Amino acid sequence: MNIFRLSGDVCHLVAIIILFLKIWRSKSCAGISGKSQLLFALVFTTRYLDLFTAFISIYNTVMKVVFLVLAYATVSLIYFRFRKSYDSESDSFRVEFLLVPVAGLSFLENYSFTPLEILWTFSIYLESVAILPQLFMITKTGEAESITTHYLFFLGLYRTLYLANWVWRYHEEGFFDQIAVVSGVVQTIFYCDFFYLYFTRVLRGSGKMTLP
Amino acid sequence: GLQKSTKDEL
């Protein structure tokens with residue numbers, strides 16, 4: 001464990017909590033892509049299958065459970081409790097265009113052709129594109145509430161910090177996980193445009209982020 | 001470098 005990974009995990013947790021509390025307190029999921037949240041729940045489900053078979057640390061186990069519970073709780077808020085406020089019209093990204101290539105690639109490019117390893121690889125590839133429906137929805141509606149942009153900021157920051165974690169682990173431990181690193185770079189690249197808007201619009205105190 | 005899986009990561 002290093003400071004980059006720990007702060008990355010904290011950012012990830014903060015992002016998930018920001019989103020959950022935003023929906024819970026505003027009793028609305030307007031502007032939130034349910035599809036992205038479904039994809040994140042799928043990412044955690046396929047990645048944390050070793051939750052009961054491989055004990056790594058208390059921290060690892062606790063965080064996995066917390067991420068799974070919050071992911072499914074957020075999905076249930078969007079699709080059940082506050083489904084009247086779910087804007088399915090704007091959440092129109094075709095996720096099959098993500099799932100099929102990601103599933104195909106996880107069968108082609110993996111470390112070992114075993115169910116657990118392929119599902120882990122699937123979760124890594126899927127996570128790098130899971131935010132696209134949400135970013136697409138923001139471009140479609142042309143705006144995002146500031147709290148949603150803070151959620152996206154921490155979510156983008158977490159994987160950026162993981163990139164620093166992998167640089168550190170390569171330097172310190174000679175460790176290099178090609179699949180995770182390449183996917184992490186792709187994932188972070190998708191946030192670059194958002195980061196630019198976030199720093200130039202939202203942090204200037206303009207509150208809502210409106211796209212040009 | 002040595003390739004290890006990131007299974008100890010979240």
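The values are calculated or read from the model by the stated rules, or taken from the named source; none is laboratory data. As the structure is a computational prediction, the values presented were derived from the model and not from experiment. Heads up, the Cβs are rebuilt from the backbone with ideal geometry, glycines too, and the neighbour counts pull from every protein chain shown.
Residue by residue through segment A:111-139, note down the ones that are at pLDDT 95 or above and charged (D, E, K, R).
Answer for segment A:111-139, where residues must be at pLDDT 95 or above and charged (D, E, K, R): just A:127.
Counting just the residues of segment A:167-187 that are more than 8 Å from chain B (Cβ to nearest Cβ), under 16 Å from residue A:120 (Cβ atoms) and free of Cβ contacts under 8 Å to residues at least 40 places away in the same chain, which one comes out surrounded by the fewest Cβ atoms within 10 Å (Cβ to Cβ)?
By that ranking, first place goes to A:182.
Among the residues of segment A:17-36, how many are farther than 16 Å from residue A:143 by Cα, crowded, with 21+ Cβ neighbours inside 10 Å and without any contact (Cβ under 8 Å) to a residue 60 or more places away in the chain?
2
What are the residue pairs meeting all of these: first residue in segment A:74-94, first residue more than 18 Å from residue A:17 (Cα to Cα) and in contact (Cβ under 8 Å) with a residue 60 or more places away in the chain, second residue small (Gly, Ala, Ser) and part of a loop (DSSP other than H, G, I, E, B), Cβ atoms under 9 Å, and 6 or more apart or on different chains?
Final answer for the pair search is A:93/A:33.
So which of A:158, A:198 is under 21 Å from residue A:141 (Cβ atoms) and crowded, with 19+ Cβ neighbours inside 10 Å? Even if it seems obvious, please write down each step before you answer.
Values: A:158 fails: under 21 Å from residue A:141 (Cβ atoms).
Answer to the selection: A:198.
Evaluate segment A:79-88: report whether one residue or more is modelled with pLDDT of 95 or more, among the small types (Gly, Ala, Ser), closer than 23 Å to residue A:124 by Cα and touching a helix residue (DSSP H, G or I) at 6+ places or on another chain (Cβ under 8 Å). Spell out the reasoning first.
Let us first name the residues in segment A:79-88 that are modelled with pLDDT of 95 or more, namely A:79-88.
In the following step, the residues that additionally are among the small types (Gly, Ala, Ser) were identified as A:85, A:88.
So of that shortlist, the ones also closer than 23 Å to residue A:124 by Cα come out as none.
Checked segment A:79-88: no residue is modelled with pLDDT of 95 or more, among the small types (Gly, Ala, Ser), closer than 23 Å to residue A:124 by Cα and touching a helix residue (DSSP H, G or I) at 6+ places or on another chain (Cβ under 8 Å).
For residue A:95, state whether it is surrounded by 12 or more Cβ atoms within 10 Å (Cβ to Cβ) and touching a Phe, Trp or Tyr at 6+ places or on another chain (Cβ under 8 Å). Talk me through it step by step, then tell me what you get.
Details: surrounded by 12 or more Cβ atoms within 10 Å (Cβ to Cβ): yes; touching a Phe, Trp or Tyr at 6+ places or on another chain (Cβ under 8 Å): no.
No; evaluated as a whole, the condition is false for this residue.
Within segment A:201-212, track down each residue that is part of a loop (DSSP other than H, G, I, E, B) and surrounded by 19 or more Cβ atoms within 10 Å (Cβ to Cβ). Write out each step before concluding.
Initially, segment A:201-212 is screened for residues part of a loop (DSSP other than H, G, I, E, B), giving A:201, A:205-208, A:211-212.
Of everything in segment A:201-212, just one residue is part of a loop (DSSP other than H, G, I, E, B) and surrounded by 19 or more Cβ atoms within 10 Å (Cβ to Cβ), namely A:201.
Of the conditions (1) out of contact with any Cys (no Cβ under 7 Å at 6 or more places or on another chain); (2) closer than 19 Å to residue A:22 by Cα, residue A:97 fails just one. Which one is it?
(2)
Going by the conditions given, is residue A:195 more than 14 Å from chain B (Cβ to nearest Cβ) and touching a helix residue (DSSP H, G or I) at 6+ places or on another chain (Cβ under 8 Å)?
Numbers: more than 14 Å from chain B (Cβ to nearest Cβ): yes; touching a helix residue (DSSP H, G or I) at 6+ places or on another chain (Cβ under 8 Å): yes.
Yes, satisfied.
Pick from A:53, A:61: which is at pLDDT below 95 and among the polar types (S, T, N, Q)? Please lay out each step first, then the result.
Values: A:61 fails: at pLDDT below 95.
Within the list A:53, A:61, the selection yields A:53.
Can you work out which of the residues in segment A:95-147 that are of a type in the set (Asp, Glu), farther than 20 Å from residue A:201 by Cβ and touching a residue at least 40 places away in the same chain (Cβ under 8 Å) is nearest to the other protein chains (Cβ to nearest Cβ)?
Of all residues in segment A:95-147, those of a type in the set (Asp, Glu) come to A:96, A:109, A:117, A:127, A:143, A:145.
Going one step further and asking which of them are farther than 20 Å from residue A:201 by Cβ, we end up with A:96, A:109, A:117, A:127.
If we keep only those that are touching a residue at least 40 places away in the same chain (Cβ under 8 Å) too, we end up with A:109, A:127.
Details: A:109: 13, A:127: 11 Å.
Filtering first and then ranking leaves A:127.
Can you go through A:77, A:68, A:38 and tell me which one is within 14 Å of chain B (Cβ to nearest Cβ) and not hydroxyl-bearing (Ser, Thr, Tyr)? Give the steps one after another, and end with the answer.
On the way: A:77 fails: within 14 Å of chain B (Cβ to nearest Cβ); A:38 fails: within 14 Å of chain B (Cβ to nearest Cβ).
Of the residues listed, the single one that is within 14 Å of chain B (Cβ to nearest Cβ) and not hydroxyl-bearing (Ser, Thr, Tyr) is A:68.
What about residue A:23, is it among the β-branched types (Val, Ile, Thr), part of a helix (DSSP H, G or I) and out of contact with any Leu (no Cβ under 8 Å at 6 or more places or on another chain)? Before you say what the answer is, go through the steps one by one.
Numbers: among the β-branched types (Val, Ile, Thr): yes; part of a helix (DSSP H, G or I): yes; out of contact with any Leu (no Cβ under 8 Å at 6 or more places or on another chain): no.
For residue A:23, the condition - among the β-branched types (Val, Ile, Thr), part of a helix (DSSP H, G or I) and out of contact with any Leu (no Cβ under 8 Å at 6 or more places or on another chain) - is not met.
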